[in-house]
Amino acid sequence: MSSLSRLLHQTETAALQKPVSSSVHRETSSKLTVPNRLTVRLQAPVIQDIGGLAPGFVVLLSGTIYTARDAAHKKMIETLEQGEALPFDPQDQIIYYTGPTPTREGQTIGSAGPTSSYRMDPYTPALLELGLKGCIGKGERSPECMAAFAQFGAKYFLAIGGTGALISKCIRSSRVIAYEEMGTEAIRELQVEDMRLIVA
Amino acid sequence: MPSKPKVPGPQVQSLQDTLEPRHFDCGLLRDAVEQAVQNACIRLPPDVERNLELGLKQEKSDLAKEILQQIIDNSQLARNEQIPLCQDTGLQVVYLNVGRSVHFLSDPYEAINEGIRRGYTKGHLRKSVVRHPIDRQNTGDNTPAVIHTRIVEGNKVQITLAPKGAGSENMSRLKMFSPSAGREDIAQYVIETVTQGGGKPCPPLIVGLGIGGNFENCAELAKEALLRPLNDNSPDPIAAEMEDDLLRRILECGVGPMGLGGRTSAIGVKVNVAPCHIASLPVAVNLQCHAARHASIIL
């Protein structure tokens, strides 16, 4: 028997009885795991109030969303600081933190899973202030950033990291709308259908 | 002809057929790398898939089960439709084992980088390397790779490619312990690394632990540990005990798939040890996400 399989058997009971061992994680799991998860459909841009979406809800997202990651965020914030207009108006929009692989001929997009969200924490509150309704990424974010989501009635959604092939299947169209020179980090406008997300 | 890519073994493979000097055409190396980078990015090694399935069978939480199922579905879809498993097709970490009777007819490092350049372009893989850590201009071809070279017996060349994503690499840690620290101090440091990382390094993880050597060597030990088959144990009895103990404790730590709770926080813990200075106890924890891709070829 493999070591993983052997240990899984040994720890079966122990794991159920034992509480999580770190405070960092305790906070995360109580926020994100609910016994009976509910599924809601959401259309982007988001015009309704989504402040009531509880952590752990599954969201099936359809509509128009925008991709941006490290470099595009940095440039957007510099643009705002110079008093200039952003490539798209963040009001009611959702940003997806992804840098897809190049698109093959005949395909809509390459592999397009979420990247770690914490790297966008310094930039996100300024966008939320402009009416951004949500971000899609993976992993924990800073308390300050999560407070800004709550303050502006916006939500942080989780996609499953490392499943970029699967996620690419719910993307119906993709076009670069800004920062083309950034390659994978350019801002893309995506049409998605039933993109499966978890409310953080 | 390059042989079929396969999961690399725990030991450096003996490359000895004969010590007859061999004039080695680096075009062979370039072409093998070009193929292997493309294969590695769309195919999970069978031992990784198997352990993910084991995790799924044992998982109690519905959310964790759903996440593991999607990870498994993703790997099947990627293989069937030739789509990269993950959009982060990584920085290429290359292990080049050179038989001591090999005489390269041109620069093997340039051949490896040229193979990567071609493979990443033809395979539509993401170019994720910047030329300078501060000015951050993308090199546009995913080069240069990080290349570790070792001289071994024989007249063959073994090349192992491990594209490494940044999510798990960024959550890895290194600490210079005092030799007064015990196994338990090291174990706690490892568990802390896993729990602090939470969902960011994309668990289920493979945890590579390097103990000993010096500052840079312990990091190399940790990284190389990630290439071992998932179901082996270290031949070193202390390291083997630590592997079992750490895996058991990580399964209990509660992080779970993507940090959302559950038992499958890791699918393997590998500990590599090396001699060290009387005053040192270097420890490095290199985390590997569930998309643990690699390929190895002997030429």
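The values are calculated or read from the model by the stated rules, or taken from the named source; none is laboratory data. The structure presented is a predicted model; accordingly, all values stated were derived computationally and were not measured. When we count neighbours, we look across all protein chains shown, and the Cβ atoms used for this are built from the backbone with ideal geometry, even at glycine. Calculation scope for accessible area: heavy atoms of the full protein, side chains included, ligands and nucleic acids excluded. Shrake-Rupley method; radii C 1.70, N 1.55, O 1.52, S 1.80 Å.
Restricting the first member to the range B:33-62 and to residues that are under 14 Å from B:Ile206 (Cα atoms), and the second to residues that are open to solvent by 20 Å² or more (accessible area, probe 1.4 Å) and in a helix (DSSP H, G or I), the beta-carbon pairs closer than 8 Å and six or more apart or on different chains are B:Leu44/B:Arg79.
Residue-level check: of (1) surrounded by 12 or more Cβ atoms within 10 Å (Cβ to Cβ); (2) part of a loop (DSSP other than H, G, I, E, B); (3) of a type outside the set (Asp, Glu); (4) modelled with pLDDT of 90 or more, A:Val20 misses just (4). Filter the range A:76-107 down to the residues that are open to solvent by 50 Å² or more (accessible area, probe 1.4 Å), more than 12 Å from chain B (Cβ to nearest Cβ) and among the charged types (D, E, K, R) and list them by number. Those that are open to solvent by 50 Å² or more (accessible area, probe 1.4 Å), more than 12 Å from chain B (Cβ to nearest Cβ) and among the charged types (D, E, K, R): A:Glu78, A:Glu81, A:Glu84, A:Asp89. Name the residue that is farthest from the chain's Cα centre (by Cα), counting only residues in the range A:178-200 that are open to solvent by 50 Å² or more (accessible area, probe 1.4 Å) and away from chain B (no Cβ under 11 Å). Here the residue is A:Glu180. Residues in the range B:224-268 that are within 7 Å of another protein chain (Cβ to nearest Cβ), part of a loop (DSSP other than H, G, I, E, B), open to solvent by less than 20 Å² (accessible area, probe 1.4 Å) and not hydrophobic (A, V, I, L, M, F, W, C): B:Gly254, B:Gly261, B:Arg263. Looking across the range B:36-47, the residues that are in a helix (DSSP H, G or I) and within 11 Å of another protein chain (Cβ to nearest Cβ) come down to B:Cys41, B:Ile42, B:Asp47. In the range B:103-114 there is no residue matching the filter, namely being surrounded by 18 or more Cβ atoms within 10 Å (Cβ to Cβ), acidic (Asp, Glu) and within 14 Å of chain A (Cβ to nearest Cβ). Would you mention how many residues in the range B:56-85 are in contact with a Pro (Cβ under 6 Å, 6 or more places away or on another chain) and at the interface with chain A (Cβ under 8 Å from one of its Cβ atoms)? Count: 1.
Every condition in (1) in a loop (DSSP other than H, G, I, E, B); (2) open to solvent by 20 Å² or more (accessible area, probe 1.4 Å); (3) within 14 Å of another protein chain (Cβ to nearest Cβ); (4) not hydroxyl-bearing (Ser, Thr, Tyr) is met by A:Gly56 except one, and the failing one is (2). The single residue among B:Gly154, B:Gly165, B:Gly140 that is more than 22 Å from the chain's Cα centre (by Cα) and open to solvent by less than 10 Å² (accessible area, probe 1.4 Å) turns out to be B:Gly154. Taken together, the residues in the range A:38-53 that are open to solvent by 70 Å² or more (accessible area, probe 1.4 Å), assigned to a strand (DSSP E or B) and at pLDDT below 95 amount to 2.
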